[in-house]
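J.: Okay, here's the structure, questions in a sec.
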Amino acid sequence: MSQIPPPPRARLVTLIGIAALLYGIVGCSKTAGDLKSLAHGAMANLVVTAHPLPPPATLFADAAGKTHTLAEFKGKVAIVNVWANWCAPCKAEIPSLAKLATAYAGRPLAVVAISVGKAEDETAGHAFIDKNPPLAFYTEPTYALAYVFKPPVDAMPTTILYDKAGVERARLAGGADWSGPDAKAVVDSLLAEK
């Protein structure tokens with residue numbers, strides 16, 4: 001007995017279903033794999049977040065004293081750098097973050113450098129950031145912000161990358177060159193996500 005082939009419409013629906021399934025599988029696995037594959041060169045210490053989390057709600061202040069939260073940057077790729085004015089590797093890294101911000105001006109990217117430390121470090125930290133435009137000065141002088149990240153920030157500097165949906169995607173502990181092609185590949189990957 002010969003099999004009767006399914007009508008052409010049923011085959012088309014089946015093929016569309018298989019194509020949609022494959023697209024979903026590739027789309028879901030694409031982003032984490034892409035970031036992981038970009039962890040080389042200046043981004044060699046980039047660690048892709050296993051279980052993406054939203055940012056902590058801890059307040060930090062700008063130069064005028066107005067308080068902010070990281071959730072305000074949702075809708076943009078946010079490169080959040082936790083640094084301290086007393087930290088030499090932090091200060092060496094800041095100019096490259098300023099260059100990154102300049103290179104992506106007008107794009108949905110926010111480079112948010114938050115100085116943590118004692119209140120007496122605030123004046124010097126503010127003066128240092130002013131020498132690195134277009135970065136804005138942000139401060140959280142109690143160190144609370146560093147400890148509410150999951151896992152906590154335990155090395156200075158640490159840079160945490162958030163996607164446009166506002167969830168942590170990766171982080172890099174230690175200094176890095178954020179102005180070069182390796183960092184730009186990571187940022188471009190995050191910007192390309194829907």
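J.: Just for the range 101-190, what percent of DSSP beta bridges are antiparallel, to the closest 5?
T.: Values: 5 of 8 bridges.
Around 60 percent of the beta bridges assigned by DSSP in the range 101-190 are antiparallel ones.
J.: At R0 = 35 Å, how high is the FRET efficiency between Glu193 and Val148 if r is their beta carbon distance? Nearest 0.05 is fine. Walk me through the intermediate numbers first.
T.: On the way: r = 25 Å, r/R0 = 0.73.
Efficiency for this residue pair is about 0.85.
J.: Here's something else I'd like to know. Just tell me which lysines come within less than 28 Å, Cα to Cα, of Lys76; anything on the same chain fewer than 8 places away is out.
T.: Correct list for Lys76: Lys30, Lys36, Lys66, Lys91, Lys99, Lys131, Lys150, Lys164, Lys184, Lys194.
J.: As a test, work out the antiparallel percent of DSSP beta bridges whose residues both lie in the range 38-192, rounded to the nearest 5.
T.: Numbers: 17 of 27 bridges.
Given both bridge residues lie in the range 38-192, the antiparallel proportion sits at roughly 65 percent.
J.: Measure off 7 Å from each Cα along the Cα-to-Cβ vector at Ala155 and Trp86, then give the distance between these two points in nanometres to one decimal.
T.: Label-label distance for Ala155 and Trp86, simple model: 2.0 nm.
J.: Which FRET efficiency, nearest 0.05, do Thr69 and Ala127 yield, Cβ-Cβ r, R0 25 Å? Walk me through the intermediate numbers first.
T.: Numbers: r = 25 Å, r/R0 = 1.00.
The value I calculate is 0.50.
J.: Which loop trypsin sites (Lys or Arg not before Pro) in the range 31-129, with loop taken from DSSP, have no more than 11 other Cβ atoms within 10 angstrom of their Cβ? Show your work: numbers first, answer last.
T.: Numbers: sites: Lys36, Lys66, Lys74, Lys76, Lys91, Lys99, Lys118; in loops: Lys66, Lys74, Lys76, Lys118.
Passing sites in the range 31-129 are Lys66.
J.: Find how much the distance from Val47 to Ala105 grows on full extension, using 0.36 nm per residue of separation minus their present alpha carbon separation; answer in nm with one decimal.
T.: On the way: separation 58, 0.36 × 58 = 20.88 nm, distance 2.57 nm.
Length gained between Val47 and Ala105: 18.3 nm.
J.: Applying the Karplus parametrisation 6.51 cos²θ - 1.76 cosθ + 1.60 with θ = phi - 60° to the phi angles of the range 124-141, what ³J(HN,Hα) value in whole Hz is obtained for each residue in order, glycine and proline being reported as x?
T.: These are the phi-based 3J(HN,Hα) values: 5, x, 4, 4, 5, 5, 4, 7, 10, x, x, 4, 9, 8, 10, 9, 9, x Hz.
FYI, it's all coordinate maths here, none of it is from the lab. Since we're looking at a predicted model, the values are computed, not measured. For neighbour counting, all protein chains shown are included, and Cβ atoms are generated from backbone atoms with ideal geometry for every residue, glycine included.
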